[in-house]
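Enquirer: Once you've had a glance at the structure underneath, I'll fire off some questions.
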Amino acid sequence: MDTMWLVLGTSIFFSTIILYTKRFRLRSSHRSTLPLGSLGWPLIGETIEFVSCAYSDRPESFMDKRRRIYGKVFKSHIFGSPTIVSTDAEVSKFVLQSDAKAFVPSYPKSLTELMGKSSILLINGSLQRRIHGLIGAFFKSPHLKAQITRDMQKYVQESMANWKDDHPIYIQDEAKNIAFQVLVKALISLDPGEEMELLKKQFQEFISGLMSLPINIPGTTLYGSLQAKKKMVSIVKNIIQARRQSVLISTVPKDVVDVLLNDSSEQLTDDLIADNMIDMMIPGEDSVPVLMTLAIKYLSDCPTALQQLTDENLKLKTLKAQLGQPLCWSDYLSLPFTQNVITETLRIGNIIIGVMRKAMKDVEIKGYLIPKGWCFFAYFRSVHLDENHYDWPYKFNPWRWQDKDTSTCNFTPFGGGQRLCPGLDLARLEASIFLHHFVTQFSWVAEEDTVVNFPTVRMKRRMPIWVKRRGNP
Ligand code: HEM
């Protein structure tokens, strides 16, 4: 927390000087179209109010207040930058679909230092599109889905075999452990063991620097994180070199490393591939376990939804047992109510509250000016909780999706446009498998716990539950 404030303080200080020069220049040239709003206090802008709302159970109250006064798109000054905040789904869609000539990703400095210049999260243009396309296609492939299903079933069963009736189970920790193993297997085919444990340890060290002060000297968190990344990169590079030397580079790729090694582009060097394997663990590592944990939280609070989900999954399990067939990935995704539970968890949980961009030139959308150099914050959470789009938006109601389309700009848990999350199928599949095994094998009582929304979404007490094993269906 202290580190967080330090980061904010430093970045706000340096950017404010630039801001005030730009602010007056822009006002004079584009007075009529810059969205309404306030840039807040000198130096700190509106960051304190934004952060204090973000820590509450209604983070969107910051946006709600301004939406009422200024409209769905307004200007503010947060995290050291003048920012146009959009809670208008159409405006956000337009920005996400724009190319790098208009908007590029914007992350805190500590994060960009850790990711490095060639990270998929930061690069733009044809290389980003190429890597994005290759990874997206691989994550959608039936071959990978079959492999993930086998791995996931194995890891889930191994994890659940250790659960005891008279001990609390921390769902968030269990889900994290399972999802990390699945992710590392999909990226570099590493199986659980000593090397996996080392990677897990280094990864924890690595991500501790994501929100740190951007100072890279021995003793700082950022320095420690970069050292951890170096060790992880060297593990991945060994794997890459072994594959290059082997005659066995498979034409049917078995993991993301294979996909990138098989590509003919000279830009995909070993260094770039190794760096990106680690960087891809950032969006992949935390979000899927949070999705699983939140689903269990909402189901614990909604017995009718839990009953319907359990019935649907038990029916499938019994049917497959009668046919003597194992469950395959399409079985899991074929369960309509389970999918609705996952969709509703994504809507109400808002695991990624929104995404940030920086304008590379003055852009006008729907009559609003987004000035060159300003940040743009597409805030999905307000759209997902807007009563004009969703009746009783704060109520967990998976049935609302029975006759509702998920492919609309009012539902964007995975972003959209050029950088639409390539891991979205993987995330849904993992959550489906986890829920299936969980509800068909256990009943449970959840202890009191609350959702924390900042800096990342998680459960305050790691979601402790007391489980009871079911008999065979
Ligand atoms: C519930 C789970 C997940 C959620 C809610 C989620 C959400 C998102 C969002 C909103 C973006 C867009 C970021 C932007 O526009 O700047 C994104 C991008 C990305 N996600 Fe996910 N994600 C999830 C799971 C995963 C998984 C399992 C992976 C697999 C490794 C993954 C890999 C990526 C990558 C590589 C990008 C960057 C794509 C690019 O910039 O071209 N995500 N994700």
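Nothing in this text is a laboratory measurement; each read-out follows from the coordinates by a stated rule. What you see is a predicted model; the values in this text were computed from it and never measured. Neighbour counts run over all protein chains shown; Cβ positions are idealised from the backbone, glycine included.
Enquirer: Write down Rg/Rh for the range 103-151, rounded to two decimals, with Rg from the C-alpha atoms and Rh from the Kirkwood relation over Cα pairs.
Expert: That ratio is 1.13, to two decimals.
Enquirer: Something else now. Below 12 angstrom from the Cβ of Leu198, what's the summed charge of the other residues (Lys, Arg +1; Asp, Glu -1)?
Expert: Summing Lys/Arg as +1 and Asp/Glu as -1 gives -1.
Enquirer: Extent of the range 190-254 along each principal axis, from alpha carbon coordinates, in Å, largest to smallest?
Expert: Projected onto the principal axes, the Cα atoms of the range 190-254 cover 44, 21, 17 Å.
Enquirer: Based on Cβ point charges of +1 for Lys and Arg and -1 for Asp and Glu, what charge dipole magnitude is obtained for the chain about its Cα centre, in debye rounded to the nearest 20?
Expert: Value, rounded to 20: 1200 debye.
Enquirer: Still on this model: At q = 0.09, 0.15 Å⁻¹, what log₁₀ I(q)/I(0) does a Debye calculation on the Cα points of the range 143-293 give, no solvent, two decimals?
Expert: -0.33, -0.87
Enquirer: Across every pair of different alpha-carbon atoms, what Kirkwood hydrodynamic radius in Å does the range 160-215 reach?
Expert: With all distinct Cα pairs of the range 160-215 included, I get 13.3 Å.
Enquirer: How tilted is helix 2-30 with respect to the longest principal axis of the chain? Cα atoms for both, answer in degrees (0 to 90, nearest 10).
Expert: 50
Enquirer: Still on this structure: Looking at this model, which pairs from Lys237/Lys361; Lys154/Lys230; Lys200/Lys358; Lys109/Lys201 are more than 28 angstrom apart at the alpha-carbon?
Expert: As for pairs spanning more than 28 Å Cα to Cα, those are Lys237/Lys361; Lys154/Lys230; Lys200/Lys358.
Enquirer: Using the Cα atoms as the points, what is the convex hull volume per residue of the range 2-469 in Å³?
Expert: Hull volume over Cα atoms, normalised by residue count, gives 154 Å³.
Enquirer: For Ser86, Ser141, Ser126, which order do you get if you count the other beta carbons within 10 Å of each Cβ and list the fewest first?
Expert: Taking fewest neighbouring Cβ atoms as first place, the list is Ser126, Ser141, Ser86.
Enquirer: Relative to the first principal axis of the alpha-carbon coordinates of the chain, what is the inclination of helix 221-245, with its axis defined by its Cα atoms, in degrees from 0 to 90 and to the nearest 10?
Expert: Orientation of helix 221-245: about 50 degrees from the principal axis.
Enquirer: Next up: Once both axes come from the Cα atoms, what is the angle between helix 303-323 and the longest principal axis of the chain, in degrees from 0 to 90, rounded to 10?
Expert: Helix 303-323 and the main axis of the chain meet at about 40 degrees.
Enquirer: Can you list the residues of the range 198-236 with backbone N under 19 Å from a point 7 Å past the Cα of Gln245, pointing along Cα to Cβ?
Expert: 233-236
Enquirer: Let me ask something else. Which value, in debye to the nearest 20, describes the size of the charge dipole of the range 356-434 about its Cα centre when Lys and Arg Cβ atoms bear +1, Asp and Glu Cβ atoms bear -1, and nothing else is charged?
Expert: Using only the charged Cβ atoms, the result is roughly 360 debye.
Enquirer: Using the number of other C-beta atoms within 10 angstrom as an exposure proxy, rank Thr408, Thr293, Thr251 with the fewest first.
Expert: Thr251, Thr408, Thr293
Enquirer: If you don't mind, another one. Got a sec? Charge dipole of the chain, +1 on Cβ for Lys and Arg, -1 for Asp and Glu; which of Ala378, Ile365, Val252 is way out at the positive end?
Expert: After comparing all options, I get Ile365.
Enquirer: Dipole size in debye (nearest 20) for the range 175-309 around its Cα centre, Lys and Arg Cβ +1, Asp and Glu Cβ -1?
Expert: Dipole magnitude for the range 175-309 comes out near 220 debye.
Enquirer: Can you sort Asp255, Asp57 so the residue with the fewest Cβ neighbours within 10 Å comes first?
Expert: Going from least to most buried by this count: Asp57, Asp255.
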